[in-house]
Structures are given as structure tokens and as C-alpha cells.
1. Would you mind calculating the relative contact order of the chain from Cα pairs under 8 angstrom and at least 6 residues apart, reporting the percent as a whole number?
2. Treating only the Cβ of Lys, Arg, Asp and Glu as charged (+1, +1, -1, -1), what charge dipole size does the chain show about its Cα centre? Round to the nearest 20 debye.
3. Once amide H atoms are placed 1.01 Å from N in the peptide plane, what residues at a sequence separation of 5 or more from LEU125, or on another chain, have their amide H within under 5 Å of its amide H?
4. Between ILE126 and LYS105, what's the calculated FRET efficiency when r is the beta-carbon distance and R0 is 30 Å? Round to 0.05.
5. Quick check: pseudo-label points 7 Å beyond the Cα along Cα→Cβ at ASP171 and PHE14, how many nm apart are they?
6. For the stretch 83-95, in order, what is each residue's ³J(HN,Hα) by Karplus, 6.51 cos²θ - 1.76 cosθ + 1.60 with θ = phi - 60°, in whole Hz (x at glycine and Pro)?
7. At what distance in nm do the modelled label points of TYR7 and ARG71 sit from each other, each positioned 7 Å from its Cα along Cα→Cβ?
8. What helices does the chain have that are whole DSSP H segments, at least 15 Å long along their own axis by Cα, and with mean Kyte-Doolittle hydropathy of 0.0 or more?
Amino acid sequence: MFKKLFYTFIIILFVIVAIVVGAVIYAKPAQDLDWSYSKVSLTDKAWQMAKSLKTEMVLSEEEVNSLFKERYKDKAKLPHDIQITGIHFNLRGNTVDADVNLLWKGFVEAGAKIRFDMEWSDGKLIVRHTQTKIKNITIPLSTLQLPTIEVPIDDKLPALTAIKDLKFESDHIRVLFKLKIK
């Protein structure tokens with residue numbers, strides 16, 4: 001009797017360990033990501049645009065990636081003892097898909113895909129987290145949600161310019177300007 005219980009316990013323990021190990025392997029990040037980024041000076045880009053007498057400025061996907069990394073870097077610690085160890089943003093029109101590496105409890109790594117929606121409001125680019133997936137498993141926003149960020153663009157402009165429109169294109173953001181006459 002005792003021998004039968006002991007073997008049953010060992011089998012159950014083995015199955016639980018196999019499930020946990022399988023889940024950890026399944027969720028492991030597919031790529032190495034970090035927080036490195038290049039500093040993007042919107043002021044310099046706006047002045048270059050003004051000097052060349054153009055009425056638009058293009059923010060490339062890599063520049064947007066750098067701007068967003070800069071804003072999210074201080075928000076890498078999330079509830080439930082989750083930390084973002086690396087991220088890369090990919091533009092898809094007014095949607096941004098991010099590849100994210102997470103660390104849970106300091107030792108369990110997971111790779112996730114996070115979707116953001118972007119909108120233009122009051123001189124700021126608003127970036128709102130809308131979905132998280134680890135492989136094909138959707139994670140509820142109540143479990144893992146990054147804060148909304150605002151990237152100010154209007155306040156970096158030369159004095160006589162204002163943003164007329166902002167267009168989200170497949171792999172860049174086009175900022176259209178107008179003269180601001182008082």
C-alpha cells in the first residue's frame with residue numbers, strides 16, 4: 001500500500017516538473033533584446049526641416065523605436081514581479097508591434113509580442129498598450145499592462161511652425177507642418 005502511494009506520488013511529481021519545464025522552454029525568448037537606443041533630437045530634425053524649407057518631417061521606424069525605448073526604459077518594472085529586459089518596436093501604420101523579453105521573479109524568461117495603438121492628440125504622440133501574447137497564448141491586460149506613454153513633438157518645434165497633421169504610414173511617421181502666424 002505504502003509502496004503504491006509512493007510510486008503514485010513520484011509519478012505525479014514527475015508530471016508536474018515536466019509541465020513546468022515544458023512551459024519555461026515554450027515561453028523562452030526567441031531573440032536577444034536590450035534597451036539600447038540612439039538619442040533622437042526632434043528639435044534638430046525640425047530645424048533641419050525648416051532650413052531646407054520643407055513642410056514635412058519623417059520619423060523612421062528606427063527613430064520611433066529609439067523614442068519609445070527612451071520613454072519606456074524607466075517603466076521596465078511591472079506588477080507581479082515582472083521586468084522587461086529588452087524591447088524592439090515595429091511600426092504597422094497606427095499600430096506598433098513590439099518584441100519583448102520579460103523576466104519573472106528574477107529567473108523565468110519569456111518572449112512576448114505586445115501590441116500598441118498610437119494616436120495624435122494635443123501635440124503628443126499617445127502610445128497605448130492593447131494586447132499581449134506569449135507565443136499563441138493571449139495574456140489578459142489585467143495581468144500584464146504597460147503604461148500609456150506620451151511622446152511630445154509639438155514643443156520641440158521652431159517658434160513659427162505648428163503641426164498640421166501626422167500620418168501613420170507602414171514603416172514611418174510623416175509629420176506635416178504649417179506656418180504659425182500670430
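Each reported figure results from applying straightforward, stated rules to the coordinates on display, with no laboratory input. No experiment lies behind these values; they were computed from the predicted model shown. When we count neighbours, we look across all protein chains shown, and the Cβ atoms used for this are built from the backbone with ideal geometry, even at glycine.
1. Normalised by residue count, the contact order of the chain is 21 percent.
2. My answer is approximately 300 debye.
3. Amide H neighbours of LEU125: VAL151, ILE153.
4. Efficiency, rounded to the nearest 0.05: 0.40.
5. Inter-label distance under the simple model: 5.2 nm.
6. With the stated coefficients, the stretch 83-95 comes to 10, 7, 9, x, 7, 9, 9, 10, 6, 9, x, 8, 10 Hz.
7. 6.2 nm
8. Going by DSSP H runs, the hits are 2-27.
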